[in-house]
Structure formats: C-alpha cells, structure tokens
Amino acid sequence: MTQWIKRLLAILLVFAVLGVLGYYALYPAWQQWLTEREAARIEAITPQQLAETTPERLNAERMMRDLSWMAHPDREGRESGQPGALATRHWLIDHYQHIGLQPAGQQGYLQEYEVKEHIQFSGLFRQRQRQIEAISNAANVLGRLPGQQPDLPYIVITAHYDHLGVRNGDIFHGADDNASGVATMLELARYFQQNPTQHPLLFIALDSEEKGLQGAVALFQHQMLAAEQLAFNVNVDMLSRDTERKLFAVGTYQHPWLHPLLDQVQAESRVRLIRAHDRPWWRAGRTENWTQSSDHGVFHRHGVPFLYFGVADHPDYHSPRDTAERVDVEFYHAVSETVLSFILLLDQQLAADAG
Ligand SMILES: [Zn+2]
C-alpha cells in the first residue's frame, strides 16, 4: 500500500472517531445549551405594559354558555364520528345560520369526509403512526362573511371542535381543549357580522384534530380550498386558563412581520402575550415546537401564513378534569378580546398591503 493511501485512511479514522465523539458528547451538550438559552429567553419576556382594562366587544357570558354546552357530559367528549361530535356539528350549523354566516362547505355548511383511525407502533428508531381503514364519518363546518372587499383572499379563523371522547368509562370533556376556541370563534363571527372587516372571513370548526389534524388535511383535498384563496390562518386551540396569565402566539419565527402587530395587540391586552414555541431544534434545542401541534400546521405546510394562539399545557390537559367549571372566565374573556384585536389589526395591515 502506498504511503498516501495509509495517510488517507488515518485521516478518515480520525474523522470517524471525532464524528462519534461529537455525536455522543457534543450534540447533547449543544442541545442542552440551546434548550436552557431558549427557556431563559421565554422567561425573560415580560410585556412592557399590560393594558389597564379589557375591551368589552365580546360577550363572555354567551361564550361561557356555548363552551359549557360543548363540554357537557351529554356530548361525551365529542370524539370524531361519535354521537357527541354529530350533535355538536348540528348545533354549530344552527348557530352559523342564526349568526348569518353564509354556507361555505360542500353540502351547505358541511364538508364531510372519512376519518381514519391511527395506530401507533414502535419503529426501528422512533414511534410511528400508520393509518388503517376508514372507520367513521367526520365533517368540518364552514361559514363565511363577505367583507367589504369581497375580492380579497380570505382570512381563515379555525378552531377544532372534536376531542377525545370516552376512555375507560371516563368522559374527556375538552372544555379548554377546545370548546374554548370554538366558543370564541362563534363570538368573533357575531362581532364581525355587525362590524365587517375588509377581507372576507372564513370560519371553520374543524373535526378530527385529535386524530392527527385530519380535518385540516381534508380541507385541502377534493378541491375544497386552495392556498391561493387564503390570505392568512388564525388558529385558536385552548384559550381559557393559565395560572400565569400567559397566552402563546406561535408563528412569528416563520413570519417576523407580525411582531409590530403583536406589539400593538399587547398594548390593548391584559394577558401576557408570549411569542415562542415556533423555533426549530437548531435554534431552541429540545424546547417544544408547536408549529405542527394543531391545525395551523396544515395551513403552514400549504404555504398559508399563520398565527396560532393557545395556552401552555396544564395538569388537566387531555384528562377528564378539563371541565367548564375550571375555566378562568376573566382570563378567557381577556384572551378572546386579544385574538379579536389581532384580527382587526391584521385585516387593516393586509388590506393596506393589498391596496
Ligand atoms: Zn386541541
């Protein structure tokens, strides 16, 4: 063997050893450092000033009535395809009609589709999911308001109405997750019916979020919606309780132009608006990234700009204890007004950009 081949092999060996060392020693340390740095960044976010009062544009009593209806034991946790979810679907249609939303589904307000059940299994390196046969019917509920400039693309407001159903005899009521988001969406629809935006608005109560965002996926199938028709997605999922009065806004990492808007929103809000949980692992280490954790993720995959509002997971998250009694009514109202402030400012800004 010639001298230079030996030298080459030696160099390759050194790189292999360094690679293995790097992976097992340096990578975890680097991720740990990133995770701690991100935690410190989030912890340090303290709004300059909280607003002195909460605007009174939305009716908290009516929102709580709607939330409580969806979280009632009779709904049996609204599992996609089950009687509680079907009842909720019809109840939503009644509300859409009463509010004066125009039908925007494929069968009136509805877009029906087949929901597929997932099974989890352990793959070689990680947990995997496989879809098996369709087991039941599901439906998204879509209504629209034309706006003052009906030719503009839609601002889409989404909230999933399904939850986990009954497990081992326990009802998972899903009051915060996500009766809260749906009740806020309905109240926003009432507000915007009276106070039209520039953009047309599309309100979508989504099904099957808890089964892997299948309702949102279905929206973009069967020529139902095209990304080109959509200016923006505002997704709300879990709005009604946090002991530290924090509301997360997820999506400014992908869309930094939202920062000045959110500064204005914060000035009108009494909740602590935290922009986080949207950074990838090479920026935030093992900090949870919520970019794909609810229906906004599907809009993002289709190239639609998005912002997701939601609270942090609490001890009652995905448990039978997520009930209407545990909602913090004052906080929930303040959060809903915060979402409204954002949509109003977004509508103005996008209309100015389009005009
Ligand atoms: Zn949810």
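Since every read-out is calculated from the coordinates, none of them should be taken as a lab result. What you see is a predicted model; the values in this text were computed from it and never measured. Here the Cβ positions follow ideal geometry from the backbone for every residue, glycine too, while neighbour counts run over all protein chains shown.
Structural remarks
- Loop trypsin sites (Lys or Arg not before Pro), region 222-307, which have at most 14 other Cβ atoms in a 10 Å radius of their Cβ (DSSP): 286
- For the chain, hydrophobic long helices are taken as DSSP H runs at least 18 Å long by C-alpha position along their axis with mean Kyte-Doolittle hydropathy of -0.5 or more; these are 3-21, 83-99, 181-194, 329-354.
- Distance in nm between pseudo-label sites at residue 195 and residue 314 (7 Å out along the Cβ direction from Cα): 2.6
- Cα shape, region 1-41, gyration tensor, a/c 1.5 rule: prolate
- Cα gyration tensor shape for region 60-354, rounded if a/c is under 1.5, else prolate or oblate: rounded
- CD proxy at 222 nm, helix term only [per DSSP H run n ≥ 4: -39500 (n - 2.57); per residue of the chain; nearest 500]: -11500 deg cm²/dmol
- Dipole check for the chain: with +1 at the C-beta of Lys and Arg, -1 at the C-beta of Asp and Glu, and the Cα centre as origin, the magnitude is about 1460 Debye.
- Under 30 Å from residue 246, Cα to Cα: lysines that are on another chain or at least 8 residues apart: 211
- Contour excess over end-to-end distance, with Cα ends at residue 36 and residue 59 and 0.36 nm allotted per residue: 4.3 nm
- Cα shape, region 182-229, gyration tensor, a/c 1.5 rule: oblate
- Taking label positions 7 Å along the Cα-Cβ direction at both residue 91 and residue 222, the computed distance is 2.5 nm, reported to one decimal.
- Percent of alpha-carbon pairs separated by more than 16 Å within region 262-355: 69
- Positive-pole candidate from 42, 26, 5, dipole of region 3-58, charges at beta carbon: 5
- Percent RCO, i.e. relative contact order, over the chain, from Cα pairs under 8 Å lying at least 6 residues apart: 22
- Among 183, 255, 194 the positive-end extreme of the charge dipole of region 167-257 (Cβ point charges): 194
- Net charge, residue 52 excluded, C-beta distance under 11 Å - Lys, Arg +1, Asp, Glu -1: 0
- Over all other residues within a Cβ to Cβ distance under 12 Å of residue 304, the charged ones net out to -1, with Lys and Arg as +1 and Asp and Glu as -1.
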